[in-house]
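Student: First the structure, which I've put down as structure tokens, then a few questions once you've had a look.
The values are calculated or read from the model by the stated rules, or taken from the named source; none is laboratory data. None of the values given here were measured: they were computed from a predicted structure. Here the Cβ is made from the backbone with ideal geometry for all residues, glycine too, and neighbour counts use every protein chain on show.
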Amino acid sequence: MTDLVRRFIFEKRPVRGHWVNLEGAWRDLRAHADYPPAVRELLGQAVAASVLLAATLKFRGTLTFQLQGDGAANLLVAQCTHDFRLRAVAHFDAEAVRGIEADTRRGAVFRQLVGADGKITVTIEADEKSMRYQGVVPLTGTSLSESLESYFATSEQLPTRVLLAADDTRAAGLLVQRLPDAAADTDTSEDVVSVWEVAGRGIESVGGAALLHTPVEELLAQGFPGTDLRLFRGAPVLFECRCSCGRVAGLLRALGEDEVRDVLKEQGAVTVTCEFCSRPYRFSASDVETLFTEGQADGSAAIH
């Protein structure tokens, strides 16, 4: 049931949904990073949101979901490709995060993390003809789920209900949307409204723990009892960062031999850490020597 995104539809009704549950990909994404629990939970929700967003679109390229605010976690970025390969990173003030109280009021921790003035930016960079789309909406409500619902209402004009959850082991999301298509001939407008109300109540009835740990078939049966649903086969979701030793080697060459050798002299080795996955790439003295040897232009220096 994990590391999958699956689509479902309300039969003969203009309502669709997507479900995602991540375990291995969520673990691999954080393999070289250590986030405080509150930041980790919000980042997991952002990762699940990026997959749900990508699943609702038809494109080839990369979708970037960015949350920026003036709180303790001032920047979260999650990227998901059309074939569901993802990476993510969070920037935060460690001291400010430690000062966040475990306030039980609805949305209190969320607002302390993102602040009072923030925004969500969704950027789609499509491979075809270098097309680029960007939507920006202010952070609203008391959760990332509510903010994402606002994004769909503002940028996509699609009524949408969203539930997001994350903990140390899993990140998950559930989304239902009312589509703009005309209803089927057998439907009436009242019928469509009624079905949409059922979908909304279904989202509200599902708790975060159930979303994280309940198989999707059981989850949908519990959330939308008596509803005729069709659940489609899932697509795998994988963690994949774009960093590599070859890319880092190219970066160091672009930086220049003198500057790289100065760092080597001062620190005994040159270490470059990927901003997204926090994986360190260490170049020893011999690696640097190989890096700038004439004819060595393939970035094949050994990485320790």
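Student: Could you list all residues from segment 258-274 that are more than 25 Å from Ala33 (Cβ to Cβ) and surrounded by 13 or more Cβ atoms within 10 Å (Cβ to Cβ)?
Tutor: Across segment 258-274, the qualifying residues are Val260, Arg261, Leu264.
Student: Still on this structure: Please go through segment 192-244 and give me each residue that is charged (D, E, K, R) and more than 20 Å from the chain's Cα centre (by Cα), ordered by number.
Tutor: Glu197, Arg201, Glu204, Glu217, Glu218, Asp228, Arg230, Arg233
Student: Of the residues Gly207, Gly226, which single one is at pLDDT below 90, assigned by TED's automatic domain parsing to the domain that holds Val51 and loosely packed, with under 14 Cβ neighbours inside 10 Å?
Tutor: Gly226
Student: When you scan segment 188-204, do you find a residue that is modelled with pLDDT of 90 or more and in a loop (DSSP other than H, G, I, E, B), even just one?
Tutor: no
Student: While we're looking at this one, here's another question. Criterion first (under 22 Å from Ala235 (Cα atoms) and in the same structural domain as Gly234 (by TED's automatic domain parsing)) does Lys58 satisfy it?
Tutor: Answer is yes for this residue.
Student: A further question on this structure: When segment 26-37 is examined, which residues are found to be touching a residue at least 24 places away in the same chain (Cβ under 8 Å) and either buried (at least 24 other Cβ atoms within 10 Å of the Cβ) or over 17 Å from Leu212 (Cα atoms) (or both)?
Tutor: Trp26, Asp28, Leu29, Ala31, His32, Ala33, Tyr35, Pro36, listed by residue number.
Student: Within segment 54-102, take every residue that is of a type in the set (Val, Ile, Thr) and part of a loop (DSSP other than H, G, I, E, B) and give me the one that is modelled with the lowest pLDDT.
Tutor: The selected residue is Ile100.
Student: So Gly107 clears everything in (1) under 16 Å from the mean Cα position of the chain (by Cα); (2) touching a residue at least 24 places away in the same chain (Cβ under 8 Å) except one condition, right? Which one?
Tutor: Unmet condition: (1).
Student: Would it be correct to say that Arg40 is under 20 Å from Ser145 (Cβ atoms), surrounded by fewer than 24 Cβ atoms within 10 Å (Cβ to Cβ) and out of contact with any strand residue (DSSP E or B) (no Cβ under 6 Å at 6 or more places or on another chain)?
Tutor: It is true that Arg40 is under 20 Å from Ser145 (Cβ atoms), surrounded by fewer than 24 Cβ atoms within 10 Å (Cβ to Cβ) and out of contact with any strand residue (DSSP E or B) (no Cβ under 6 Å at 6 or more places or on another chain).
Student: Now, a different point. Are there any pairs, at least 6 apart or on different chains, whose C-beta atoms fall under 7 Å, with the first in segment 210-232 and part of a loop (DSSP other than H, G, I, E, B) and the second basic (Lys, Arg), and if so, which?
Tutor: Matching pairs, first to second residue: Phe232/Arg6; Phe232/Arg7.
Student: Could you figure out which of (1) of a type in the set (D, E, K, R); (2) outside the structural domain of Trp19 (by TED's automatic domain parsing); (3) under 23 Å from the mean Cα position of the chain (by Cα); (4) assigned to a helix (DSSP H, G or I) isn't true of Lys265?
Tutor: The failed condition is (3).
Student: Is it true that some residue in segment 76-95 is over 12 Å from the mean Cα position of the chain (by Cα), under 23 Å from Leu175 (Cβ atoms) and either in contact (Cβ under 8 Å) with a residue 24 or more places away in the chain or crowded, with 17+ Cβ neighbours inside 10 Å (or both)?
Tutor: yes
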